[in-house]
1. Is it fair to say Thr304 is buried (at least 21 other Cβ atoms within 10 Å of the Cβ), within 16 Å of the ligand (Cβ to nearest atom) and hydroxyl-bearing (Ser, Thr, Tyr)?
2. When you scan segment 294-305, do you find a residue that is among the small types (Gly, Ala, Ser), under 26 Å from Ala245 (Cα atoms) and in contact with a Gly (Cβ under 7 Å, 6 or more places away or on another chain), even just one?
3. Of all residues in segment 264-293 being within 16 Å of the ligand (Cβ to nearest atom) and in a loop (DSSP other than H, G, I, E, B), which is most open to solvent (accessible area, probe 1.4 Å)?
4. Can you tell me which residue in segment 1-55 is nearest to Thr85 (Cα to Cα), limited to those that are part of a strand (DSSP E or B) and acidic (Asp, Glu)?
5. What strands (runs of 3 or more DSSP E) completely inside segment 106-186 contain at least 1 residues that are away from the ligand (no atom under 16 Å from the Cβ)?
6. Return the residue satisfying two criteria in turn: it lies in segment 189-215 and is loosely packed, with under 14 Cβ neighbours inside 10 Å and out of contact with any strand residue (DSSP E or B) (no Cβ under 9 Å at 6 or more places or on another chain), and of such residues it is nearest to Ala245 (Cα to Cα).
Amino acid sequence: MSERVVFEQARLVDPLAGVDEVRDVAVADGVLAAEAPADAERIDARGLILAPGLVDLHTHLREPGEEHKETVATGTRAAAAGGYTAVAAMANTDPVADNAAIVQAVRDLAAAAGSCDVFPVGAITRGLDGEALAEMGEMVEAGVRVFSDDGRSVPTARLLRNALTYAKAFPVEVVLAEHAEDASLIEGGQIHEGARSASLGLAGRPAEAEEVIVARDIAIARACGGRLHLCHLSSARAVDVVRRAKAEGVRVTAEVTPHHLVGTDDDLVTYDTNKKMNPPLRTAEDRDALRAALADGTIDAIATDHAPHAVEEKDLEFDLAPPGTIGLETALAVVLTHLVEPGVLTLLRAIETLASAPAQILGAADHGGPLEPGRPANLVVFDPGAEWTVEAPFASKARNSAFMGERLRGSVRYTMLRGAFTVADGKPTR
Ligand SMILES: [Zn+2]
């Protein structure tokens, strides 16, 4: 149900409008209103921040095929709880989202759940087999704008060139999103390869695995003019390659996860399987380079790589546990606590990287702001000072959080999707 509401004296932070100021924000008939309707509900938002709803470029919803980990309904409820109004759902489901029928099925499930808009990502190759291109044309017609074989890299430069060249021929902008880890360098690898992997006796995944794919992909994108996006960057040298490419005008964007912005491989000394992920947490130098790159615009967006697993799957020996951490419900607070409070990012830049930039990359025109009269009321209202502890249960079906037990500041009070509350008074409404 679309609300008639005024958030009184909220601090409006709206990067696309260049606004950071305290004012009333009114919503009616699903859109932002210039004037508060006379019968509007009035919400005291003094001390709260009102921003465009967050947009996640990298969510694993697990449905179809792995509903014991997460479903579209639970994953999108987790998204709303975290302040998101739109997420891109990765293609590595079972069956794989490599055709228009699966894409539409995921979208229908999301619409029925009503918590958050879902933009399905299409597979680049059929069944993620890394061999034949998927039915990209059919999926573009069905509204898909981002393609990815996430979980693995496109295996050869030639196949990537074919995909980028093909993608460029569509009348709309189509983005190829790459999981950049060279398969031949990471086989059997568990954590970042370095002194820590040696001391823990775990096989490594070297930073060069990322750097070589990033360099390869940028070379191909430069040559054929395709639109490339790099998922979850984790290493300082890969960041340097992206920085140079952007300076040259290559059409490349990049994302980084909250966990790579905070954690390092030293966190693995307890063999915590919730901190096992691909690409792995690296060194403090890598983490600091990622932070600097996010601040200076080399990295465009923060994406969660929300990767739910069942408790019994993560509760295994380190070598056997699947990689990944959930992230939708902690991303905003992690960014506020670890990046905004210490002054690494301004609040405006943080919202830009969490909402406006990802919306633009995704082609989600109704999301990410600007929050101006007549625009869809997709927004989040949060209390930047509210402290809480990361603990189960989550709105997500999973509980494999790399931030488990941490004290964070920043708590979502309201999330609105087209003027309807998906979170009210801090609780999901669906
Ligand atoms: Zn990935």
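The values are calculated or read from the model by the stated rules, or taken from the named source; none is laboratory data. Source: prediction; values computed, not measured. Here Cβ is always computed from backbone atoms with ideal geometry, including for glycine, and neighbour counts include all displayed protein chains. When the accessible area is computed, the model is the full protein with side chains, heavy atoms only, and any ligands, DNA or RNA have been set aside. Shrake-Rupley method; radii C 1.70, N 1.55, O 1.52, S 1.80 Å.
1. yes
2. No: zero hits.
3. This residue is Asn278.
4. Asp14
5. Here the list reads 117-120.
6. Result: Ala195.
Yes/no matrix, rows are residues, columns are (1) hydrophobic (A, V, I, L, M, F, W, C); (2) in contact with a His (Cβ under 9 Å, 6 or more places away or on another chain); (3) surrounded by fewer than 17 Cβ atoms within 10 Å (Cβ to Cβ); (4) in contact (Cβ under 8 Å) with a residue 24 or more places away in the chain:
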position: Pro373; (1), (2), (3), (4): no, no, yes, yes
position: Pro376; (1), (2), (3), (4): no, yes, no, yes
position: Ser396; (1), (2), (3), (4): no, yes, no, yes
position: Gly410; (1), (2), (3), (4): no, no, no, yes
position: Asp425; (1), (2), (3), (4): no, no, yes, no
position: Pro428; (1), (2), (3), (4): no, no, no, yes
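Matching residues to (1) open to solvent by 20 Å² or more (accessible area, probe 1.4 Å); (2) more than 16 Å from the ligand (Cβ to nearest atom):
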residue	(1), (2)
Ala295	yes, yes
Leu345	no, yes
Pro358	no, no
Gly368	no, yes
